[in-house]
Structures are given as C-alpha cells and as structure tokens.
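The values are calculated or read from the model by the stated rules, or taken from the named source; none is laboratory data. Here the structure is a predicted model, which is why all the values come from computation and not from measurement. Ideal geometry is used to build each Cβ from the backbone, glycine not excepted, and the neighbour counts take in all protein chains shown.
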Ligand SMILES: *Cc1c(COP(=O)(O)O)cnc(C)c1O
C-alpha cells in the first residue's frame, strides 16, 4: 500500500493468498465441483476447531440460520426472541418459517442482547432465543443458558461475527443448541458466500443436512454405495448446498484465522489508545475474561454528532459504517408485524450514536492512527 495508504480505507476486506487461489484452482480440475470431499473436510475442520460434534455447511450464513429454525421446528404461531441490533437475517430466518420474531433490547455498553430484557418478553408462544455475539464479543452464555433451561426454550447462537471468539476459555460453537457462522467476504474467513451450522445434537444435524438438499434423506454418494436408485423427499427443503470450490477456499483460509484474530485484537487495542482521553468518542465495552473476535470496531459518538461525523469521515475517504439500524424499524417489519419506535429504547439511542471504523487483518497501524486522528479532529470540529 505504501504512501497511498490514506486512499479510501474500507471498513472491512478479505485477505486472499496465493495458496487460497491454488486450493480453488485444484478443485476446478477435480471430479467434484459441488458437494464432494471438500465439503465434508471443511465441516470436520470447523467441528474440531469449535469443539462442537456436527457441522452442516450451507450456501450462506442466512441459509444456516434458516436451516436452524427448520431443524428446531419453528412454525406458524411460534415466537423467537432476537436482538434488535443485528443484521436483518437474524430475524428474517424466523419469518421464513412463518414464525414471529420478538425483539429484545441490548445492553447499551456492549450492544449484546440483554438477558433481563429477554425474560420480560417470554410468552407461552416463545420457542427459542437467537443471540448474536455482536461485533465478535461473546454474549453472556451462562445467563442465556439458564434462561433457556428455566423456560424450556431452544438457544441459537448467531456467531456470524464471532468465529474463534472464546467465552470463559471455550470457543463459540458449544454454548447454544445450534451455532451459526457466515463466510461472507467481510467476515473473518470467507468462501465467497457460505455458512455453517454446528451442533452437538445428531438429530438436529441430520434435519439440517436434509433441509439443505430439498428435504431428501440421502446424498448421492450414499445412494451409490448402497447401489440403489431409491431416495425419498420426506419434507420440503431447499437447495442450500455449498460447493467444493467454496469449501476449498474456506479450508485454506481457516489456517490463518488464529493469526487474524490476534491482528484484529492488536489493532483494536491500538484504536482504544487514541480514545482514552476523548469524552465524545467511546469504544464499546469489552469483557476482559473473554476472547473477542473483533469483527467490528464500534465507537459511540456523543452529543448528537454521529450523522455529521459519518458524512465528514466518508468525505475524508474513510469507509465508516453503522451496524445496525434496529431491525424492527425496517419498513418490512413495521408493515408485517406492526413494530414501531419505542420497543427497545437502548437499541434506538445506541443506533443514533454508533459508528464502525475500519478493521481488517491487513490494516496498517499507521492507518489506525490516521483514522483515529482524523476522527478526533472531525468530532472536535462538528
Ligand atoms: C453476516 C451475517 C449474517 C448472514 O450471513 P450471510 O452469510 O451474509 O448470509 C447473519 N447474521 C449476522 C449477525 C451477520 O453479521
């Protein structure tokens, strides 16, 4: 990047190496393009990385969330509690199954779903909770597990921000009934598009496997080895398959995940150091007992200045962003479920203040310093 490191800096970007490219090209010359040995190999690697027992790789993180809702039997009349500050897919997956997402508020210091607020929103129709490890920081999984057990609810971890994060010494993947990862290019490791659901429950894994393949009970390789043409479609599923081409990329990327999480954490600590004395810029709180995966670096901009600061940062060629608009304020949710402002006050106040700064493994320390200094100046002048 050299001297032009101040040219447009995006908020996130993928890292593709020569080895990644070779891994993909090798698959193109093999017998399998779609579901072949690389899918299973990638699933096995993520399973051993996370410590979960079963992995089901699919075409996106959203497809993995949908598969999870299907596997848990979410349907008409069922309510699923979701955080208000998240990407829309966390709630959309409930709607795909004709369930109703119920939005819970977040802790204003971390933007993680607030277990006390979840409890207030539990009704006789509640079937599950989906929690998001926002920005890469693990939720309070002990509190969520006791709530789920107390009310007999399923627990889903939308860990699309947080592969590799650790809660009390163990990696995410083992705290919920199903944990979901995304391999979109802006996330920690990529397959282009792709996702995976991991679980310790063999039956849930089998249901998700069938769901990604039209609701058919066997895959072609199993039919071939049984020497039979017979298969049955037992339920309505989708084509949510991921390809061997994509999984080869994921396998190659996974080797660098650990180092990338370390880079992201060092860069985040460096950002923090510039804001210690700033009253109008405050990074979100991090719990020191856990390992944060640092998908996003988010600060709050005080005194109603966020919108002006956002505009000036973009004018300065710095790719800031806002994660996220409270999901229930989107027109689709207002029209379909009658949601409106006032449902989650912490989410709405936070939404007015948050700003995501650039963070990705190859971001330079000089760039962090540059972004932080430009931000400080813009905030002061706004
Ligand atoms: C990225 C993301 C998803 C969806 O993942 P895709 O792979 O893009 O479908 C779901 N939930 C959260 C919190 C995400 O950040």
(message) Name the residue that is surrounded by the most Cβ atoms within 10 Å (Cβ to Cβ), counting only residues in the range 31-54 that are at pLDDT 95 or above, closer than 16 Å to residue 243 by Cβ and more than 15 Å from the ligand (Cβ to nearest atom).
(response) 38
(message) Given the criteria in contact with a helix residue (DSSP H, G or I) (Cβ under 8 Å, 6 or more places away or on another chain) and modelled with pLDDT of 95 or more, does residue 234 qualify?
(response) no
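For the range 337-353, name all the residues that are more than 10 Å from residue 325 (Cα to Cα) and in contact with a helix residue (DSSP H, G or I) (Cβ under 7 Å, 6 or more places away or on another chain).
Step one: filter the range 337-353 for residues more than 10 Å from residue 325 (Cα to Cα), giving 337-346, 349, 353.
Scanning the range 337-353 gives 339, 340, 341, 343, 353.
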(message) So for the range 141-156 (the condition being within 16 Å of the ligand (Cβ to nearest atom) and either touching a residue at least 40 places away in the same chain (Cβ under 8 Å) or crowded, with 24+ Cβ neighbours inside 10 Å (or both)), does at least one residue qualify?
(response) yes
(request) Give the residues of the range 162-189 that are touching a strand residue (DSSP E or B) at 6+ places or on another chain (Cβ under 7 Å), part of a loop (DSSP other than H, G, I, E, B) and touching a residue at least 60 places away in the same chain (Cβ under 8 Å), sorted by residue number. (result) 163, 164, 165, 172, 173, 177, 183
(message) Yes or no: the range 9-17 includes at least one residue that is more than 30 Å from residue 117 (Cα to Cα) and not in a loop (DSSP other than H, G, I, E, B).
(response) yes
(request) Exactly one condition in (1) within 15 Å of the ligand (Cβ to nearest atom); (2) outside any loop (DSSP other than H, G, I, E, B); (3) under 24 Å from residue 164 (Cα atoms) is not met by residue 23; state its number. (result) (1)
(request) Write out, first by first residue and then by second, each pair whose Cβ atoms fall under 6 Å of each other, whose residues are 6+ apart or on separate chains, and whose first residue, in the range 118-139, is in contact (Cβ under 8 Å) with a residue 60 or more places away in the chain while the second is buried (at least 24 other Cβ atoms within 10 Å of the Cβ) and in a helix (DSSP H, G or I). (result) 130/90
(request) Output the number of residues of the range 279-331 satisfying the condition of being within 16 Å of the ligand (Cβ to nearest atom) and either in contact with a helix residue (DSSP H, G or I) (Cβ under 8 Å, 6 or more places away or on another chain) or over 20 Å from residue 367 (Cα atoms) (or both). (result) 16
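Within the range 176-222, how many residues turn out to be away from the ligand (no atom under 16 Å from the Cβ) and either touching a helix residue (DSSP H, G or I) at 6+ places or on another chain (Cβ under 7 Å) or farther than 22 Å from residue 36 by Cβ (or both)? Step through it out loud before you land on a result.
At the first step, the residues of the range 176-222 found to be away from the ligand (no atom under 16 Å from the Cβ) are 177, 199-207, 209-210, 213-222.
Subsequent filtering for residues that are either touching a helix residue (DSSP H, G or I) at 6+ places or on another chain (Cβ under 7 Å) or farther than 22 Å from residue 36 by Cβ (or both) retains 177, 199-204, 207, 216-217.
Total satisfying the criteria: 10.
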